[in-house]
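Report on the structure given below.
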Amino acid sequence: MTRIAELSGEIFQVDLEERGKPGWSAGYFIKGGTDWMLMETGPASSAERILDAAQSIGIDHSRVKHVAVTHVHVDHAGGLGLIARHFAEAEIWVHPKGGRHMVNPARLIEGSMAVYGERKMREYGEMLPVPEERLRPAVDGKIINLGGRSVEVWETPGHARHAVCYYDMRTNGLFSGDAVGVYLPRLSAAFGCPVIRPATPVPDFNGELMMKDLYRLAHAGLQYIYFTHFGVASPAQLLIELAAGQLSFHLRIAKDCLDEENADEAIVIAKVTAALREYSAKVLRREMEKINVNEEMVAPEMSLLLDPLDDSAEGLLAYLQKAPANGR
Ligand SMILES: [Zn+2]
């Protein structure tokens, strides 16, 4: 059974159960008039969840007029080619810097293989090419007309050069991709306050640009953030400011480790990873003591928060080494 949550404003949140993990990646079906838009496909192995959701909601495939992805990382867009075949009437929205990788995914697959490894890539499923004639350029300020409903593209290159967000005017909400980081809904519910971590992966996370993106979003007066990882959350302002605060701490932690002069790359990455994990776990454990949360109950979400910090560490270091003048 695919887990679907009906949100206000004719938006359906679909749990893509990325690589069998529930509550980690979401796609969204948005309705405008009699038309539909799919926001984020997830990897190819999640296509079943999307098709299942379309059936449960009662979406006629020919009414899906738009499929959009926030960026071309495999966990967001790996299933785009496959989904495009099912929703044959849809225009496909991708930032121009990612579009060519969707038409010819060979290089993206090669690059992803280097980052994720063979086993994880197998779990993501086969990446199929998107027909070029169906691609539409998701560039800043572009307004997508969804049956009279307007969805605007905002470029947010901090997470990746090809990353954008989609602003839904009707709900004053933002489909943020990874621009505002990763939101942990169950931990947030347990603590009674949002828990977030920035998403700073290789190869082209850029700290300065991500801070700029967040600053822009903070000025937008948003109400909701529709996170890909994971789910709708509000108040948007608080979430954005939290993400910015976390980002500056993560950068600080990485800089401090770099300043300690380590020659070996792997050692520095391990050091930054450990420092990020230690910091995050300490903060959470302190909160848990205050409100009497049992650590075992939140263990799975704790690991969603802490485990990927090795990827964060790698991206932070790659950025700092590329731009050594940046605040070091
Ligand atoms: Zn992601």
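The values are calculated or read from the model by the stated rules, or taken from the named source; none is laboratory data. Computed from a predicted model, the values in this text were never measured in an experiment. Don't worry about glycine lacking a Cβ; one is built from the backbone with ideal geometry, like all the others, and counts go over all protein chains shown. Just the protein is used for accessible areas: all its heavy atoms, side chains included, with ligands, DNA and RNA removed. Shrake-Rupley method; radii C 1.70, N 1.55, O 1.52, S 1.80 Å.
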Potential extension, Met297-Ala5 segment - 0.36 nm per residue separation minus Cα distance: 102.8 nm
Sort 112-120, 220-228 for me by packing, meaning the mean count of neighbouring Cβ atoms within 10 Å per residue, highest on top. 220-228, 112-120
Taking the alpha-carbon centroid of each part, what is the distance from the stretch 244-292 to the stretch 196-239 in angstrom? 20 Å
Return the long-range amide H neighbours of Ser150 (sequence gap of 5 or more, or a different chain), with a cut-off of under 5 Å between placed amide H atoms. Met169, Arg170
Solvent-free Debye scattering, log10 I(q)/I(0), computed from the Cα coordinates of the stretch 243-322 at q = 0.13, 0.14, 0.21, 0.23 Å⁻¹: -0.44, -0.50, -0.93, -1.05
In whole Hz, what ³J(HN,Hα) sequence does the stretch 104-109 give by Karplus (6.51, -1.76, 1.60; θ = phi - 60°), x for Gly and Pro? 10, x, 3, 5, 5, 4
Does the stretch 154-239 come out rounded, prolate or oblate by the C-alpha gyration tensor, with a ≥ b ≥ c the root eigenvalues, rounded set by a/c under 1.5 and, if not, prolate when a/b is larger than b/c and oblate if not? oblate
Ignoring ligands, DNA and RNA, what percent of the accessible area of the stretch 34-92 is carbon or sulfur (1.4 Å)? 41 percent
Under 17 Å Cα-Cα from Lys282, which lysines qualify once same-chain neighbours fewer than 8 residues away are excluded? Lys271, Lys290
What ³J(HN,Hα) values, in whole Hz, does the Karplus curve 6.51 cos²θ - 1.76 cosθ + 1.60 give for the stretch 289-299 when θ = phi - 60°, with x put for Gly and Pro? 4, 4, 10, 6, 7, 7, 4, 4, 5, 9, 4
Taking every alpha carbon pair in the stretch 4-171, what does the distance histogram look like in 10 angstrom bins from 0, in percent? 11, 42, 38, 9, 0
Using a 1.4 Å probe, what is the accessible area per residue for the chain, in Å²? 43 Å²
At 222 nm, what value in deg cm²/dmol follows for the chain if DSSP H runs of at least 4 each add -39500 (n - 2.57) and the sum is divided by all its residues, to the nearest 500? -13000 deg cm²/dmol
Segment Ile57-Glu208, extension gain: residue separation times 0.36 nm, minus the distance between their alpha carbons: 50.3 nm
If you count the DSSP beta bridges with both ends in the stretch 4-171, what percent of them are antiparallel, to the nearest 5? 70 percent
Compute the distance in nm between two label points, each set 7 Å from the Cα along the Cα-to-Cβ direction, one at Ala281 and one at Lys120. 2.0 nm
Taking the dipole about the Cα centre of the stretch 275-320, with the C-beta of Lys and Arg at +1 and of Asp and Glu at -1, give me whichever of Asn292, Pro308, Ser280 is farthest to the positive side. Asn292
Accessible surface of the stretch 278-326 [probe 1.4 Å, protein heavy atoms]: carbon and sulfur percent: 51 percent
Taking amide H positions as placed in the peptide plane 1.01 Å from N, state which residues far from Val94 in sequence (5 or more) or on other chains have amide H under 5 Å from it. Arg136, Ala138
Just to be sure I understand: of the beta bridges DSSP finds with both ends in the stretch 86-166, what percent are antiparallel, rounded to 5? 70 percent
Among DSSP bridges having both ends in the chain, what percentage is antiparallel? Round to the nearest 5. 70 percent
Cβ crowding within 10 Å averaged over residues, with 208-216, 168-176 ranked highest first: 168-176, 208-216
Give the lysines reachable from Lys142 as a straight Cα distance under 18 Å; neighbours fewer than 8 places away on the same chain don't count. Lys65, Lys97
Between the alpha-carbon centers of the stretch 110-186 and the stretch 60-88, tell me the distance in whole angstrom. 10 Å
Overall form of the chain per C-alpha gyration tensor (a/c, 1.5; a/b vs b/c): prolate
